[in-house]
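Before any comments, here is the structure.
The values are calculated or read from the model by the stated rules, or taken from the named source; none is laboratory data. The model shown is predicted, which means the values in this text are computed figures rather than measured ones. Here the Cβ positions follow ideal geometry from the backbone for every residue, glycine too, while neighbour counts run over all protein chains shown.
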Amino acid sequence: MSTFNKYTCGAWLLTLGLLTGCGEKFLDEAPTDQVTDANFYKTTTDAIQATNAVYSELATLGQYNSALWGIGDIGSDLSNTGGGGGGDGIEQQQLDNFNIPATNPLTSRLWGSCYVAVGRANVVLQKVPAMSIDPAIQQRCIGEAEFLRAKYYFDLVRAFGDVPLLTTPPLTLAEVNVPRTPADQVYAQIVTDLTDAITKLPASYSGDEIGRATKWAATGLLAKVYLTQGNTAGAAQRAREVLAPSSGKALWDNYADNFKVANENGKESLFEVQFVAGRNQYTQDGPGWSGNEFMGPRGQGIVPQGGYGFNIPEPDFVAGYEAGDLRRDVTIWKPGDLYPDGRKQPNSLPGSPNGYGVKKWFVGKVNTNIWDSELNIAVLRLAETYLILAEAVGPTPEGLEAINKVRRRAFGLPINTPSARDIAAGISATAFKEVVWRERKYELAFEMDRWFDMKRTGELLTSPQLRAKGVKPFNVLLPIPQSERDVNPALTQNPGY
């Protein structure tokens, strides 16, 4: 199991670079017993630690420990808030019902978390190229910082539209308080970062370095970015590179194998958020995965604090599984499912009148700590790359085979053998695209990306479930956080908020 970013050096690294200089010299002599911008960026270890700090933001409340499943799952047609009712999880309820104020904690934390990480990446990209260190590590750190900056900006631009594009550490407050940059310019920087990262990142790692971004992570993310932009030729080209045998990547025969601790960073993985158990209590900003507790069946005692029952699958989503689709029992708890202690999931639970829950990320009682699971969260998997290729090339033989590999695995069939579950040739381009979108919904369910997918495909505004909840045209963007606008008068608000 990778440990490279599970013991990162902490938030103090942010202060090394977000403001790299001040207008006054407050002391005649710099203190020699503290880590400062002047004495830190010297060694290979320093470069690695600074890069690790860019990764560490992935495990916070503003990313995969809360905000992204609140937005990506609950804000979509997959699930509703659940929890204990009343005001429990009000920030999720606001997303669920499309009544999202500019003060929503999850959208605000997503913005802030992304910019904290962008700031750290910018410091790495400013400091590391000038360091006299191991050239291989130097190039790798630059590539990692470029990949991660692209990932954070991809979240920002998809969620908020135009956002400030900062690519160097600011020297003054005026350099931070800048207007929003047009989204197409942000996307251009994302493409530039990923294209360069591909040339600098290794194809694989060994030992404790496993889990760092590889060239295949960058290539896969670039394919997804291109698809989001509508550049189907670029998406197909990059997807083919990842899917080629030379990448060393392959689908697990069993869908469930993607979500086991023993298989973390395995053959289907392109990039994962690295989590570890036993390091944090009562926080969603630590290196452990809090969703094990938050999504555990409420009050059933199969997770350390009993389970909070958030992120409850919608009945329409559950009913949409095809008969025989093995992904259903991997993805959701349903009435009658056996717990590790032999008890059964009830027919209804507080917050879940139909007895459903998210099972995909369940680990159970790892230890006595709360909110603390070691199961990594998938950001990019090879199965998604097959679906990117299918959508990009349409119902060609290549596109049909790409989606059918995913479908065969879903039904427990040999991945490379034609089957009765295959999408047949002759389907129209429009119908095929809708089939691919549906396959993404069930293959990638609760991997915190569905809201972004629905926005990209237009389903966000046409879904009957979301229309019943009151989705409005302006909900294709999230509100610019009011806290950010309070300190930066140059930030305009998205329409409707």
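I'd like to check something: does region 298-307 contain any residue that is under 23 Å from Leu270 (Cα atoms) and modelled with pLDDT of 95 or more?
no
In region 321-353, which residues are exposed (fewer than 15 other Cβ atoms within 10 Å of the Cβ) and either of a type in the set (Gly, Ala, Ser) or closer than 22 Å to Pro464 by Cβ (or both)?
Correct list: Glu322, Ala323, Gly324, Gly336, Gly342, Ser348, Pro353.
Of all residues in region 177-189, which are surrounded by 15 or more Cβ atoms within 10 Å (Cβ to Cβ) and within 21 Å of Glu146 (Cβ to Cβ)?
Result: Thr181, Ala183, Val186, Tyr187, Gln189.
Scan region 195-208 for residues that are in contact with a Lys or Arg (Cβ under 9 Å, 6 or more places away or on another chain) and of a type outside the set (Ser, Thr, Tyr) and report the count.
Going through region 195-208 one residue at a time, the tally reaches 6.
Among all residue pairs at least 6 apart or on different chains, which show Cβ distances below 7 Å where the first residue, located in region 48-73, is in contact (Cβ under 8 Å) with a residue 24 or more places away in the chain and outside any helix (DSSP H, G or I) and the second is of a type in the set (Asp, Glu) and crowded, with 24+ Cβ neighbours inside 10 Å?
Short answer, once both residue conditions are applied: Gln63/Glu57.
Please enumerate the residues belonging to region 328-348 that are within 24 Å of Lys441 (Cα to Cα) and acidic (Asp, Glu).
Passing the criteria: Asp329, Asp337.
Any residue in region 100-115 that's more than 11 Å from Ile90 (Cβ to Cβ) and buried (at least 21 other Cβ atoms within 10 Å of the Cβ): show its pairings with residues that are among the hydroxyl-bearing types (Ser, Thr, Tyr) and at pLDDT 95 or above at Cβ separation under 6 Å, as long as the two are six or more apart or on different chains.
Ser108/Ser483; Ser113/Thr60; Cys114/Tyr152
Look through region 216-234, keep the residues that are more than 19 Å from the chain's Cα centre (by Cα) and assigned to a helix (DSSP H, G or I), and return whichever of them is nearest to Gly394 (Cα to Cα).
Checking each candidate, the answer is Thr232.
Given the criterion among the polar types (S, T, N, Q), touching a helix residue (DSSP H, G or I) at 6+ places or on another chain (Cβ under 8 Å) and under 21 Å from Thr385 (Cβ atoms), identify the matching residue among Thr168, Thr219, Thr214.
Thr219
For region 91-148, enumerate the residues that are outside any helix (DSSP H, G or I) and touching a Gly at 6+ places or on another chain (Cβ under 8 Å).
Asn97, Phe98, Asn99
Looking at (1) buried (at least 20 other Cβ atoms within 10 Å of the Cβ); (2) within 30 Å of Ala203 (Cβ to Cβ), which is the one condition that is false for Ala277?
In the conditions (1) buried (at least 20 other Cβ atoms within 10 Å of the Cβ); (2) within 30 Å of Ala203 (Cβ to Cβ), Ala277 misses (1) alone.
Out of region 180-201, which residues are small (Gly, Ala, Ser) and either under 20 Å from the mean Cα position of the chain (by Cα) or closer than 19 Å to Phe271 by Cβ (or both)?
Ala183, Ala197
Suppose we filter region 391-443 for residues that are surrounded by fewer than 19 Cβ atoms within 10 Å (Cβ to Cβ), outside any helix (DSSP H, G or I) and not charged (D, E, K, R); how many remain?
16
Between Ile423, Ile388, Ile403, Ile427, which is under 18 Å from the mean Cα position of the chain (by Cα) and either on the phi > 0 side of the Ramachandran plot or β-branched (Val, Ile, Thr) (or both)?
None of the other options fit; the residue is Ile388.
Hey, could you check region 277-297 for residues that are assigned to a loop (DSSP other than H, G, I, E, B) and in contact with a strand residue (DSSP E or B) (Cβ under 9 Å, 6 or more places away or on another chain) and say which is modelled with the lowest pLDDT?
Here the residue is Ala277.
For Phe154, work out the one condition from (1) buried (at least 24 other Cβ atoms within 10 Å of the Cβ); (2) closer than 25 Å to Leu477 by Cβ it doesn't fulfil.
(1)
Between a residue in region 319-337 that is over 21 Å from Ser419 (Cα atoms) and any residue that is surrounded by 14 or more Cβ atoms within 10 Å (Cβ to Cβ) and hydrophobic (A, V, I, L, M, F, W, C), which pairs come within a Cβ distance under 6 Å, given they are 6 or more apart or on different chains?
Cβ pairs passing all conditions: Val330/Ala256; Thr331/Ala445.
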